[in-house]
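First comes the structure, then the notes that go with it.
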Amino acid sequence: MAAGLTTSKFAVVGGGIAGVTCAEQLASQFPSEEIVLLTAAPLIKTVTNFRQVSRTLEDFRVEEQPSSVLEAKCPNVRVIQSVVTELQARQHILRTENGMQFHYDKLCICTGARPKLLSTETPYLLGIRDTDSAQEFQKQLSKARRVMVVGNGGIALELVYEVEGCEVVWAVKDKAIGNTFFDAGAAQFLIPSLEADKPERAGPFKRTRYTTEDAMARHTSADKGAGLAGGSALGPDWHRGMSLRGAEQVSHKVHVEYQCEVEKISTREEYLQFQQGGQQSSTPGSEPSSDTGLWPVYVRLTNGKTYGCDFIVSATGVIPNTKPFLHGNTFAVADDLGLCVDDRMRTSEPDVYAAGDVCTACWEPSALWQQMRLWTQARQMGWYAAQCIAADVLGDSIDLAFCFELFTHITKFFNYKVVLLGKFNAQGLGQDHELLVRCTPAQEYIKVVLARGRMVGAVLIGDTDLEETFENLMLNQMDLTAYKDELLNPNVDIEDYFD
Ligand SMILES: Cc1cc2nc3c(=O)[nH]c(=O)nc-3n(C[C@H](O)[C@H](O)[C@H](O)COP(=O)(O)OP(=O)(O)OC[C@H]3O[C@@H](n4cnc5c(N)ncnc54)[C@H](O)[C@@H]3O)c2cc1C
Ligand SMILES: NC(=O)C1=CN([C@@H]2O[C@H](COP(=O)(O)OP(=O)(O)OC[C@H]3O[C@@H](n4cnc5c(N)ncnc54)[C@H](OP(=O)(O)O)[C@@H]3O)[C@@H](O)[C@H]2O)C=CC1
């Protein structure tokens, strides 16, 4: 072996939920082997309070912790904080920014994703991914009077509800809000929450939080300067305990611009120049405030309106972090730029697996599952990748994990519990489906997707208590044709009904 080369049977890259879960599982399967976990960030993510709510629904907390906590829990895991800059997959060698080299037998890439920004050219636009970017957002917000949020997925939904003391102009491509997670009916149910006063927060945030400041001392300037990798992704509750307050007295003021995209972003100087030269073809937007003062940045939307604001949040999805691995290798990459993995989490390079946001599930999925880049799936994939690596090393066979049978996601939007099951938006079903809906304003919204009489998806907003029953009906694919009228009848105890 060459000098300066560390050898290890197992290497995992990435200290987010996928990488840490994978390393923990490998550590318990191979207690006499050292597992090297390479990560760019000074803190790692660990799952706590894991609870299997039902067969496929799971609930857990995620904590950001120093790597010493993981090393104490799994003594055969060695965490090395350094950015991986190169992979020679055929030679089984990894190189890091601080000059270290590692030879592995099996590697799992769990480098997550980064925000897919609308533009990287303006300093007035930011994305939110990790603790640092959330703190930058908070800092800019504290001085802001108006912010534009672009995107219609998870981050946008959270921000427009949480931000106070600042006007929010929310530009969405679609006819309704929250298109990534639900349909127009659910959006209609949720919209009044944007206008109403928010309920009082529950007591102080109790989860242990570490700041990156201490750990930053160990974060070399080279790590930061390279811009190759940031910290792990934020997740549930990231905004709790964080003041998301702007500089104005307004409590909650959101103006939605539907069916539009960003056409042009101009600085104040460019905007004024255009106006003086008579080149500004669009009329200023129907400004949500009477204050039409000069703004640092102006956004022209495809609906012809222009809004000035203090800064823009690009909440427009993510791009998998594959950069250091692609050069010199022949990875199969999916349309969404994730590393393609098969049903054993294997990439197209030998002995290289991938899990979490960085990968794209390229196997033929079950009829009721789809990939979404979520916390739960990162944990499940990290866990399953470790099982697959172990099976390959030991020569065992392995079946696709049960969690990939049915898509499930529990979250919270606008202070409502939201449960998504299966093909919750009738994804891929074309016209071949029927919807049943029950809605009680300000209380609950329930939508069931039926295909050929079988339940294939559901959206449950509010405390409906239906998730477990519906999950079972989806998993057993019972013909519900005869029960359709009773299924959402509030006077029928559906749980007893199908017991
Ligand atoms: C604001 C926000 C809110 C969210 N809310 C939710 C939610 O409520 N529910 C939910 O299910 N999901 C949520 N998500 C999504 C969820 O956080 C991610 O899907 C999940 O954390 C991905 O985990 P991961 O381990 O794949 O990647 P990450 O958490 O991104 O971890 C990647 C790791 O790889 C490291 N890394 C990257 N490149 C390199 C390199 N070259 N060398 C070494 N290390 C490297 C990083 O430092 C990091 O430690 C949210 C995401 C964001 C941004
Ligand atoms: N509670 C939860 O579960 C949360 C989950 N997350 C996760 O974190 C990750 C990042 O969140 P987020 O950035 O909101 O990503 P999402 O993928 O959730 O949403 C991105 C949104 O931006 C839209 N979009 C994409 N490109 C453009 C564009 N050029 N102009 C306008 N709109 C555009 C997308 O539309 P289209 O789909 O039509 O392309 C989609 O509505 C995601 O994986 C998300 O699932 C984040 C916060 C909360």
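Test LEU394 against the criterion of being modelled with pLDDT of 95 or more, of a type in the set (A, V, I, L, M) and assigned by TED's automatic domain parsing to the domain that holds ASP342, and give yes or no. Taking the combined requirement at face value, the residue satisfies it. Applying the condition of being away from ligand 1 (no atom under 14 Å from the Cβ) and open to solvent by 40 Å² or more (accessible area, probe 1.4 Å) to the range 311-331 and asking which residue is nearest to GLY178 (Cα to Cα) yields THR330.
Name the single residue that is nearest to ligand 1 (Cβ to nearest atom) among those in the range 399-416 being farther than 19 Å from ASN472 by Cβ, open to solvent by 50 Å² or more (accessible area, probe 1.4 Å) and not polar (S, T, N, Q).
LYS412
Beta carbons closer than 6 Å, at least 6 apart along the sequence or on distinct chains, pair a first residue in the range 249-271 that is closer than 15 Å to ALA144 by Cα with a second that is surrounded by 15 or more Cβ atoms within 10 Å (Cβ to Cβ) for SER251/GLU164; HIS252/GLU164; LYS253/GLU167; VAL254/VAL160; VAL254/VAL168; VAL254/TRP170; VAL254/LEU194. Look at the range 471-490: where a residue is under 16 Å from PHE402 (Cα atoms) and modelled with pLDDT of 90 or more and a partner is open to solvent by 40 Å² or more (accessible area, probe 1.4 Å) and outside any loop (DSSP other than H, G, I, E, B), sitting 6+ places away or on another chain with Cβ atoms under 7 Å, you get GLN477/ARG454. Scan the range 1-17 for residues that are outside any loop (DSSP other than H, G, I, E, B) and open to solvent by 10 Å² or more (accessible area, probe 1.4 Å) and report the count. Count: 6. None of VAL449, VAL437 is open to solvent by less than 50 Å² (accessible area, probe 1.4 Å) and of a type in the set (Val, Ile, Thr) except VAL449. Restricting the range 349-379 to residues that are closer than 30 Å to HIS433 by Cβ and away from ligand 2 (no atom under 15 Å from the Cβ), the residue that is surrounded by the most Cβ atoms within 10 Å (Cβ to Cβ) is LEU368.
The single residue among LEU37, LEU26 that is open to solvent by less than 50 Å² (accessible area, probe 1.4 Å), within 16 Å of ligand 1 (Cβ to nearest atom), of a type outside the set (D, E, K, R) and without any contact (Cβ under 8 Å) to a residue 60 or more places away in the chain turns out to be LEU37. Within the range 146-184, the set of residues being assigned to a helix (DSSP H, G or I) and among the hydroxyl-bearing types (Ser, Thr, Tyr) comprises just one member, TYR161. When restricted to residues that are modelled with pLDDT of 95 or more, open to solvent by 10 Å² or more (accessible area, probe 1.4 Å), within 10 Å of ligand 1 (Cβ to nearest atom) and under 30 Å from ARG344 (Cα atoms), the range 111-136 contains 4.
Among the listed residues GLY15, GLY19, which satisfies the condition of being closer than 12 Å to SER67 by Cα and either touching a residue at least 24 places away in the same chain (Cβ under 8 Å) or not aromatic (Phe, Trp, Tyr) (or both)?
GLY15
Listed by first and then second residue, the pairs linking a residue in the range 159-181 that is more than 10 Å from VAL254 (Cβ to Cβ) to a residue that is of a type in the set (Asp, Glu) and modelled with pLDDT of 95 or more, with Cβ atoms under 6 Å apart and 6 or more places separating them unless they lie on different chains, are ALA171/GLU257; LYS173/GLU261.
Contact map, the range 384-409: first residue in a loop (DSSP other than H, G, I, E, B), second residue of a type in the set (Lys, Arg), Cβ cut-off under 8 Å, separation 6 or more or different chains; pairs are ILE398/ARG344; PHE407/LYS423.
Given the residues LYS106, LYS139, which is the only one that is open to solvent by 40 Å² or more (accessible area, probe 1.4 Å), more than 15 Å from ligand 1 (Cβ to nearest atom), out of contact with any Pro (no Cβ under 9 Å at 6 or more places or on another chain) and not aromatic (Phe, Trp, Tyr)? Even if it seems obvious, please write down each step before you answer.
Values: LYS106 fails: open to solvent by 40 Å² or more (accessible area, probe 1.4 Å).
The conditions single out LYS139.
The values are calculated or read from the model by the stated rules, or taken from the named source; none is laboratory data. Computed from a prediction, not measured in an experiment: that's the story for all the values here. We place every Cβ from the backbone using ideal geometry, glycine too, and count neighbours over all the protein chains shown. To get the accessible areas, we keep the full protein, side chains included, count just its heavy atoms, and leave off ligands, DNA and RNA. Shrake-Rupley method; radii C 1.70, N 1.55, O 1.52, S 1.80 Å.
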